[in-house]
Amino acid sequence: MMLRLCRRFAALGLAVVLLLTTASAALSSEHNVLYTSEFPDCALEEIGDCLGAKLERTTLTSLTDRDLDNFEEAINLFSLSLFQSLCRYCKDTYGITVTVRFCDPDGSGASAYTLFDPDGEVGDPFIGFEFFLFPHGSVYYGSGISVSTYLHEFTHFVHMVLEDQGKADSLESAFRQLNGTYPYNENYLSSNRDWNARGSQFFYRQYGTASLYEDVATLMEGVADHGDGYTAMLNSKPVWRGKYAALSSSLRTAFAPAQSAPFLSLLDADEPSPWAEEALGRARQLELLDGTLDGAYGKSITRLEFCWLASDLLEAIWGERAETHLQRSGYDLSRYTFTDVDDSAVSVMAALEVVSGRGNGRFDPNAPIKRSEAARLLALTAAALGGQEVFDGAGTPRSFSDRAAFPAWAAASIDQLSAAGVMNGVGTNFDPNGSYTREQSVTSLIRLYDYLAA
């Protein structure tokens, strides 16, 4: 699955992927039924209608039930709603229907391509997949098109849309930084000595050394190959874990349906990072954490979840329910309501002008928060508690190497919080567009609590 640019993205998968076994049953995937017909052509039509895509076969080679079952399983690992949203994006943006074709082999030994060519500079505009159906007697056939192959290609698809939207920089930067001095090399069949010495600590499969795009896609094959068991492998190899976490964070930040995508969820139930354990313990003592947020520590926090934590912080400082405190101060919380969420914590934070809606009466409660947004929200929370001058005399702001990427509306807040030690950077950067996780949120709020108390 090599990426070819010139406004065209293409991905090529080696036939050896077909031979990979899958053990995804242990993973808590979705259970969507995409087709019921026993006739392949009718089944393809059913699946296409469900996905908002077009499925076709241009081959006389048999399309088996196993091929279709594996496709359905891969969609359930990937997330039906995420796939549907990507199809809608391509239709709305380019007027192109995503197409899945089952074809004869092209002679390269490949099992699949993912093509993203909306401008048609190298032929007719096309966005979609071509999966090659090898004859049953072929050495490449194995047990048909595997879940790993499908998931590999779906990962290419979402990565390409992410790049098309201009939102892939943080993901790709993270992968390159994690590789350190170990470079990508299109001559991916490097020496076994080189691979055994270092490569297996950096890449899930040797094919991932070909390019960043293949690194991302092969990494996600592990979800299909090992299911929940992949978590232990991720935890045993820090570079793998870091890459997986970066991909999960980037996709969840960019695409709302990705929040619940099973293939991104393996670290949701992980243990907290060592640096967050003390803050989490103190948050429990202050009753800032309930069962809902005390877990999935590496997951991006949502707008609603931030309101829960911030409202609880107010109550810990005020010593009473936030609604009671504000009502006694003359606030009419009934004025601060939204059509897509009914939650007192949202009303409290909206009344304090820490959060606001997203237009048409919507709050967008499940949208993840970026680090730049978190800085602004934390600064506004501090102002609600101590006034605009609360950070006066806090100290000297940290000097971040990515300051040029700060949104203008967040720069002052980032300076205030870094000076007060409430939010720190990611290495030498602040990473304003990076995700803001639950454990980071709790840690920052505890630091803010301590700063205000001092």
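Please treat every number below as a calculation from the coordinates, not as lab data. Please read all numbers here as calculations on a predicted model, not as lab measurements. Positions of Cβ are backbone-derived with ideal geometry, glycine not excepted, and every protein chain shown enters the neighbour counts.
A few remarks follow.
- Taking the centroid of alpha carbons for each part, segment 27-96 and segment 375-454 are 44 Å apart.
- Among the listed pairs K91/K243; K54/K237; K167/K237, those beyond 32 Å (Cα-Cα): K54/K237
- Magnitude of the charge dipole for the chain, about its Cα centre and with charges confined to Cβ atoms of Lys, Arg (+1) and Asp, Glu (-1), is about 1140 debye.
- Structure-derived Cα Rg over 2.2 N^0.38 Å - corresponding label in (1) 1.07; (2) 0.94; (3) 1.25: (1)
- With Cα atoms, 0 to 90° folded angle of helix 238-254 axis to the chain main axis: 80
- Amide H contacts of K54 (H built 1.01 Å from N, in plane; Pro and chain starts excluded): V98, T99, V100 sit under 5 Å, all sequence-distant by 5 or more or on other chains.
- Computed from Cα atoms, the angle from the helix 438-453 axis to the main principal axis of the chain rounds to 10 degrees.
- Amide H contacts for A112 (H built 1.01 Å from N in the peptide plane; partners 5 or more residues away or on another chain; cut-off under 5 Å): G13, F132.
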